[in-house]
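*Asks:* My questions all concern the structure below.
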């Protein structure tokens, strides 16, 4: 299902006939198009799912969801726009783990990631996979841990950028694998996106990256890199032969990037409920769920505003100590 067909289907959908639309209208749902702010570049791994979901949501609401990409200072520019938007349901944000770590990354923020937002729905989570160069002497995760522990500061790891999900997952691994107060020591080499790092990893100049599954799986399928572990709690159907970090000797390790829809705090509860219902219906459509799965997303079909808020708080509590311990700051 391509974007053009989604647009055509959404514009032709009989909004007034759906129960969601009728409920929204009784809740004084706005009559203007709703803006979905994506604080990431167009065509990227966050923008593509956002547009799929926005088009499907438009089928079940009285008006269209229009995606706008607002980048700058990480997620700050786009997020601040939503924080300061009227509380009328006309502006939502489609964001990621970057929202949860912003407070720890920046000395000052023009918004409060918790107080200024109401989580609406957790769309899904995308796991991470540790990839290593084919000639790296370690043959599994335990051997890698032993090699790094015996040679502190000798080896490098790559990331898609300072403070991104790949960087955070790597620092979490180093802290958890090394033990309390004694993290493993590797040198962080930041690139402008994971794809820019791959030639150096394949050439052996950098031995390791903990990559988002959507980018890691093609490398495994082509045999260009080796996979040591996946960051899910249990083995994933995305790569059923790949062990988890937990079973490979790093108990409790989990790391994901995730996608969430939020609105400015103070948005009327009936409107929040209607957006939540539209998100849940969108991710439940088989064609949308299949496409998201192809993007390596583990879809959450039963998210509520309450469960999404609890998830956000847990992510903030998880990542802020890691960021401070590693001294990660926004560039």
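The values are calculated or read from the model by the stated rules, or taken from the named source; none is laboratory data. The shown structure was predicted, so the numbers you read here are calculated from the model rather than taken from an experiment. All Cβ positions, glycine included, derive from the backbone under ideal geometry; neighbour counts span all protein chains shown.
*Asks:* Just the residues that are surrounded by fewer than 20 Cβ atoms within 10 Å (Cβ to Cβ), closer than 27 Å to residue 216 by Cα, in contact with a helix residue (DSSP H, G or I) (Cβ under 7 Å, 6 or more places away or on another chain) and in contact (Cβ under 8 Å) with a residue 24 or more places away in the chain, please, taken from segment 300-321.
*Replies:* Once the filter is applied, which keeps residues that are surrounded by fewer than 20 Cβ atoms within 10 Å (Cβ to Cβ), closer than 27 Å to residue 216 by Cα, in contact with a helix residue (DSSP H, G or I) (Cβ under 7 Å, 6 or more places away or on another chain) and in contact (Cβ under 8 Å) with a residue 24 or more places away in the chain, segment 300-321 yields 315, 316, 320.
*Asks:* What's the number of the only condition in (1) modelled with pLDDT of 90 or more; (2) not in a strand (DSSP E or B) that residue 74 fails to meet?
*Replies:* Among (1) modelled with pLDDT of 90 or more; (2) not in a strand (DSSP E or B), residue 74 violates only (1).
*Asks:* Go over the candidates 238, 217, 295, 225 one by one and state the one that is assigned by TED's automatic domain parsing to the domain that holds residue 135 and closer than 19 Å to residue 124 by Cα.
*Replies:* 217
*Asks:* Output the number of residues of segment 137-161 satisfying the condition of being in contact with a strand residue (DSSP E or B) (Cβ under 6 Å, 6 or more places away or on another chain) and assigned to a helix (DSSP H, G or I).
*Replies:* Within segment 137-161, residues that are in contact with a strand residue (DSSP E or B) (Cβ under 6 Å, 6 or more places away or on another chain) and assigned to a helix (DSSP H, G or I) number 1.
*Asks:* If you don't mind, another one. Whether any residue in segment 47-70 is surrounded by fewer than 22 Cβ atoms within 10 Å (Cβ to Cβ) and under 26 Å from residue 227 (Cβ atoms) is what I want to check.
*Replies:* Yes, because at least one residue in segment 47-70 is surrounded by fewer than 22 Cβ atoms within 10 Å (Cβ to Cβ) and under 26 Å from residue 227 (Cβ atoms).
*Asks:* For segment 104-133, what are the residues that are crowded, with 18+ Cβ neighbours inside 10 Å and more than 28 Å from residue 273 (Cβ to Cβ)?
*Replies:* Result: 104, 105, 127, 128, 129, 130, 131, 132, 133.
*Asks:* Could we say that residue 226 is at pLDDT below 95, farther than 30 Å from residue 65 by Cβ and in contact with a strand residue (DSSP E or B) (Cβ under 9 Å, 6 or more places away or on another chain) here?
*Replies:* The answer is no for residue 226.
*Asks:* Among the numbered criteria (1) out of contact with any helix residue (DSSP H, G or I) (no Cβ under 8 Å at 6 or more places or on another chain); (2) buried (at least 19 other Cβ atoms within 10 Å of the Cβ); (3) assigned by TED's automatic domain parsing to the domain that holds residue 161, which one does residue 209 miss?
*Replies:* (1)
*Asks:* Further question on the same structure: Would you call residue 85 over 25 Å from residue 161 (Cβ atoms), surrounded by fewer than 24 Cβ atoms within 10 Å (Cβ to Cβ) and touching a strand residue (DSSP E or B) at 6+ places or on another chain (Cβ under 6 Å)?
*Replies:* yes
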